[in-house]
Structures are given as C-alpha cells and as structure tokens.
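This report concerns only the one structure given below.
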Amino acid sequence: MNRLDFDNPMRRNVFDLPGLCRSQVTAIEKASRMVFRDEEVFGLRRIIITGCGDSLAAGMAGKYAFEYLAGIPVEVIHSLDLSRFLSADLLNMQKNSTLVIAVSNSGGVARVAEAIDRARRFGCLTLAITGNPESALALSAEKIVKLAIPPFESANGVRSYLVSVLSLISVAIRFGEIKCRYPMTAAEGYRKSICNYADDVEAVLEPLDEKMFRIAEANTGRRMYDFISSGPSYATAWFGHAKIIEATGDYASYSGVEDWFHLNCFLREIPEIFTMIITQHGGREKSRVQELLDALHEMGRDIWIVTEDEGYAIPDGAEEIRLPASPEWWMSPLFNQVPVSLLAGYMCELRHEAYGRGVKGPWAVCGTTDLLTKSVRESWD
C-alpha cells in the first residue's frame, strides 16, 4: 500500500514540528526573558510543575531540564492532587521559595486554575504557561509566559505538546542563565542546539514516516500496546499510550524501564501486545534497557525500540527505529514523540477509526470541553 493514501492529521502535524520548533524557540525566549526578577529566581528552593493530560506529560519531560540547568529540585504533581490532596503544610513551609508552574495551552481547564489558586493562597510564586492570557489559569497566576502557537489542523495535541515541552525547557535555560550556572553564550548555544536538532529530525522525516507506516500496516491486528521508557522520555511513553487510546480506542499502558520488571512483564496475550521502548541520547539507562530487551525476547514479545545511540544488542526479530541524537539528553522528548505520533495516526487511518471515537454514542459526553472547563472549582483549606 502507498502510505500517502493514508495521510492523516497526526502525520501532517508531525511534518510541521521542526519548523514550529525553530520559530517557537525565539518566540518563547522573548516571552519568558523578563517574566522573573533575578532575586526571585535566586530565592527558589523548589519547583512544582502541574497540569492534566498532555500538559502533565510535558511537565514530566521538562522536570529534568530544570534540575540540570537551574539546579532546583522539581516535583511533577497532577493538578487535582495539588489542589485538593497535597498537604497544606508542604506548601506553607516553603511559601516564599516555591514556584508552581501550570501548563495549559487553552488555560481553560478548571482543575489547573484551581491548583494555582491554592498554591498562590499559600504564598507560592505562580507561573502560567498558556496561549490564552484571558483564561482562568492566566488570571489565577501571578506571572505568565504567553504562547503563540500558529494555527494548524488539530491532531490530538501533537504540536501543542512539543511547544509545552519546549516552553518548560526554555524557562529552565533562562533560570540557569540568571543563576550564572553558565554564561549567556552557553544559553544561546542551547537554543541554537534545539534548532539544529529540529533540522536533523526534519532531514529524516520522510524515511521515518515510511518506516512507521510499514510498522503500522503490519500490526493493525494488535489490540494492546506497552510503551516503556525512563528519565525524561518516560513522558514520551505516557504520550504514546495516550495517543493510541485517542486514535484507536485500544488498551495501552506505559511504564518505567525498572517498573516493567515488577509489573508489565506479567501481561498475558503476548501475541497481541505491541511493545515499544523509547530511549534518549546519552545512554544513562542503556544497561537496564539491554536487560529489558533480552527479557522481552526470551518471553517471545515482538519489540520496537526507538533509539538515538548505537551500542544496543538488538535481539533477532526486534526492530530499531533510529532518530538523530539530541544535542543534550534532556532535549530528547522534544522529538522522540515523532515515531509514536506517526504510529497512532496511521493505526487510526488504516483501521478506519475516528479520533476520540468521533465523540458519538457512548463517547458523546466527551465531545465538549465542559467536563474540563466547567467543573466546579473548590477550596479545601
């Protein structure tokens, strides 16, 4: 079959990612440069990143950039947990030195605004990263980094996810620059490296697209997906499972490389499972991933591994999906989502599915944003 006969919105969004990334590097740097005073950044002892869905996954990816570049410990907390369950003592005890960052392109999700309301009430510094400065989130936060994502065909958050990850990385670069952890020239070097990374990915999109189409074509009968990763690319495993559910309605899971040995190794119906491992440049998890590959092979699982590095002993029958190496290991989530996005888009098209089940029948209740934006905002303190 010809893959172009199965063109789809997710594929078209993927092909827009490199150019979008290059344009947003400059736009986000300008939007974030003067948001924080130097003394505010120097006073930080903890960062909490919050959100829901893809935005929370972006926080999982961005956490490592903040810790590496700014030297500040980061927690990623779901907005419902932050707004209603996190102990008030933990917010109050560091109220003058905790920054809470909420990510939401629309800014209209009630739970995220509720989380920021609570954090601010206890004296935390609050930042909204959003494309809507008039949204509930933006109006709840003290500070805002306004996103300006050029309009494009909607496709399950492929473009907004990249921009969310990029925005967190960009703020992290700025924080490290303010704290003099590296000179301004190094900060600019990181930004140029991101653009170069986008160039490298753009150069391989056509053959990568062909490969992912052939993989999807050969596996349309699968009904279970197991995405496995670690470090910043754990966010990509989460994103992959979410895109498959949205695109196909099939069962999908995600786990850390270490957690897989404790739980997902026991999944039954092995011939039904599409198993994908996502790694990042730098090889910090390489020895454990190699053990994972060997265990999966011994079980008889079919394996696909997304890699940026050489050196893995790929078992017979497993398939490697090679991506250009990211300039820094914490940049990998910007683009190692590309194979999973292409896979989800092609699976949807090949099986004549509708994204989100077309929000018809039992799924009609999910067809509006009301369940997200009109949810009751509460205060429990």
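Key figures
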| quantity | calculated |
| --- | --- |
| Within straight-line cross-link reach of Lys30, lysines at Cα separation under 29 Å, skipping those fewer than 8 residues along the same chain | Lys63, Lys95, Lys143, Lys146, Lys179, Lys192 |
| Dipole axis of segment 3-196 (+1 Lys, Arg; -1 Asp, Glu on Cβ), positive-most option in Leu80, Phe42, Ile116 | Phe42 |
| Check: the chain dipole with +1 on Lys, Arg Cβ and -1 on Asp, Glu Cβ, in debye | 1340 debye |
| Loop-resident sites, segment 36-111, for chymotrypsin sites (Phe, Trp or Tyr not before Pro), counting at most 16 other Cβ within 10 Å (DSSP) | Phe85 |
| The chain: angle of helix 54-70 to the longest principal axis, Cα-based, in degrees nearest 10 | 70 degrees |
| Low-density loop positions, trypsin sites (Lys or Arg not before Pro), segment 262-369 - DSSP coil, at most 12 other Cβ in 10 Å | Arg268, Lys360 |
| Student exercise, segment 203-365 dipole from Lys, Arg, Asp, Glu Cβ charges, in Debye to nearest 20 | 540 debye |
| Assigned charges on the beta-carbon of Lys, Arg, Asp, Glu; segment 3-196 dipole about Cα centre (debye) | 260 debye |
| Ranked His281, His262, criterion: other C-beta atoms within 10 Å, fewest first | His262, His281 |
| Inter-centroid distance (Cα atoms) of segment 115-142 relative to segment 208-243, Å | 34 Å |
| Efficiency of FRET from Cβ geometry, Arg223 and Cys366, R₀ 30 Å, rounded to 0.05 | 0.90 |
| Centroid-to-centroid separation of segment 265-316 and segment 1-38 [C-alpha atoms, Å] | 29 Å |
| Positive-end residue of Leu350, Phe261, Leu323, charge dipole of segment 203-365 with Cβ unit charges | Leu350 |
| Least to most buried among Ser230, Ser79, Ser23 (fewest other Cβ within 10 Å first) | Ser23, Ser230, Ser79 |
| Percent RCO, i.e. relative contact order, over segment 248-348, from Cα pairs under 8 Å lying at least 6 residues apart | 27 percent |
| Relative contact order %, the chain, counting alpha carbon pairs below 8 Å whose residues are six or more apart | 20 percent |
| Stokes-Einstein diffusion coefficient of segment 3-196, Kirkwood radius over Cα pairs, 25 °C, 0.890 mPa s, in µm²/s | 145 µm²/s |
| Simple spin-label estimate for Glu353 and Asp5 in nanometres, 7 Å along Cα-Cβ | 2.1 nm |
| Rounded tilt (10° steps) of 110-121 against the dominant C-alpha axis of the chain | 40 degrees |
| Descending Cα extents along the principal axes, the chain, whole Å | 56, 51, 41 |
| Charge dipole (the chain, unit charges on Cβ, about Cα centre) - positive-most of Gly107, Ala252, Thr279 | Gly107 |
| Segment 203-365: translational diffusion in µm²/s, Stokes-Einstein, Kirkwood Rh over Cα pairs, 25 °C, 0.890 mPa s | 153 µm²/s |
| Cα long-axis angle, helix 184-218 against the chain (0 to 90 degrees, to the nearest 10) | 30 degrees |
| Sparse-neighbour loop sites [GluC sites (Glu not before Pro); segment 278-343; at most 10 other C-beta within 10 Å; DSSP] | Glu310 |
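Values quoted throughout were computed directly from the atomic coordinates according to the rules given, and no laboratory measurement underlies them. Predicted, not measured: the structure shown is a model, and the values here were computed from it. Don't worry about glycine lacking a Cβ; one is built from the backbone with ideal geometry, like all the others, and counts go over all protein chains shown.
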